[in-house]
Amino acid sequence: MTASLVDRVRTVPAPAPVLSRDREHRLTQRQRELLDELGRIFDKGFADVTMAELASRLNCSLRTLYGLAPSRDELVLTVVDRNLRTVGRAAHAAIEADMTALEAIRSYLGAATVAVSTITEEFANDMAAIRAGSELNAAHSDYLVDVTRCLLELAVERGEIADVDTVAVARVIAGLGRDFARPEVIPHLRTSPKLAADTMVDIVLAGLPRPRGAHGLRPTRR
């Protein structure tokens with residue numbers, strides 16, 4: 001990735017973490033394993049699961065769980081935020097040095113939509129019922145939009161595309177994964193939220209106007 005592209009992306013402020021960096025560093029290996037396992041449990045829905053039931057399924061004490069978060073919902077937010085940040089780091093790493101800005105957008109968003117690849121209708125419903133859950137998803141979605149906008153602006157500056165409303169385009173393509181993962185949308189998709197989002201990103205990027213005399217994009221790399 002070129003220095004200018006790296007510098008541009010790094011100017012985008014990430015959302016504040018649910019679990020502070022200091023607390024994250026102080027987690028024991030056992031606590032990290034529990035958070036990973038909780039992610040798999042919550043994927044199937046969590047509205048009817050109590051802290052006591054979680055402790056039983058994880059074969060750990062209630063004290064251990066309350067050491068991670070003060071309530072079931074806070075535990076959910078911690079797990080979800082941690083997972084989204086892991087996906088986010090992978091998305092940044094998916095941008096390669098020789099990519100154009102538009103190729104970087106495709107690669108970045110393709111890696112980012114991994115976050116919705118396993119979302120179930122049950123999980124989506126339960127997250128939507130928690131106000132803080134909706135706020136958390138919105139914060140990460142807004143960050144995705146801002147990174148995409150920065151890359152689109154770089155594409156304009158480099159002459160890869162004509163001058164377009166980068167905010168509008170970014171909000172459309174970076175918000176697809178979140179929109180397709182809504183509980184009222186998932187049952188009507190013919191494919192998964194991830195595949196549907198990736199396909200639409202390709203369609204929109206291919207349709208962006210090019211400067212006169214500009215050639216098309218190189219073949220998409222997945």
Show me the helices (runs of 4 or more DSSP H) entirely contained within the stretch 81-161 in which 2 or more residues are more than 21 Å from D179 (Cα to Cα). 101-112, 131-157
For P219, work out the one condition from (1) loosely packed, with under 15 Cβ neighbours inside 10 Å; (2) more than 17 Å from A162 (Cα to Cα); (3) at pLDDT 90 or above it doesn't fulfil. (3)
When you check V172 against the structure, is it surrounded by fewer than 20 Cβ atoms within 10 Å (Cβ to Cβ), free of Cβ contacts under 8 Å to residues at least 40 places away in the same chain and in a helix (DSSP H, G or I), yes or no? yes
Can you name the residue in the stretch 81-105 that is free of Cβ contacts under 8 Å to residues at least 60 places away in the same chain and under 25 Å from M127 (Cα atoms) and is also surrounded by the most Cβ atoms within 10 Å (Cβ to Cβ) among such residues? L84
Among the residues of the stretch 53-66, which ones are assigned to a helix (DSSP H, G or I), exposed (fewer than 14 other Cβ atoms within 10 Å of the Cβ) and not hydroxyl-bearing (S, T, Y)? E53, R57, L62, R63
May I ask you to say which residue of P209, P187 is within 24 Å of N137 (Cα to Cα), surrounded by fewer than 17 Cβ atoms within 10 Å (Cβ to Cβ) and not basic (K, R)? P187
Which one is surrounded by the most Cβ atoms within 10 Å (Cβ to Cβ), of the residues in the stretch 1-44 that are of a type in the set (S, T, N, Q), assigned to a loop (DSSP other than H, G, I, E, B) and touching a residue at least 24 places away in the same chain (Cβ under 8 Å)? T2
Working only within the stretch 110-140, note down all residues that are of a type outside the set (A, V, I, L, M), crowded, with 18+ Cβ neighbours inside 10 Å, within 11 Å of the chain's Cα centre (by Cα) and more than 16 Å from H92 (Cβ to Cβ). N137
Within the stretch 117-126, is there a residue that is among the small types (G, A, S), touching a residue at least 12 places away in the same chain (Cβ under 8 Å) and within 23 Å of T86 (Cβ to Cβ)? yes
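For the stretch 147-157, enumerate the residues that are under 17 Å from L84 (Cβ atoms) and surrounded by fewer than 18 Cβ atoms within 10 Å (Cβ to Cβ).
Across the stretch 147-157, there are no qualifying residues.
The values are calculated or read from the model by the stated rules, or taken from the named source; none is laboratory data. Computed from a predicted model, the values in this text were never measured in an experiment. We place every Cβ from the backbone using ideal geometry, glycine too, and count neighbours over all the protein chains shown.
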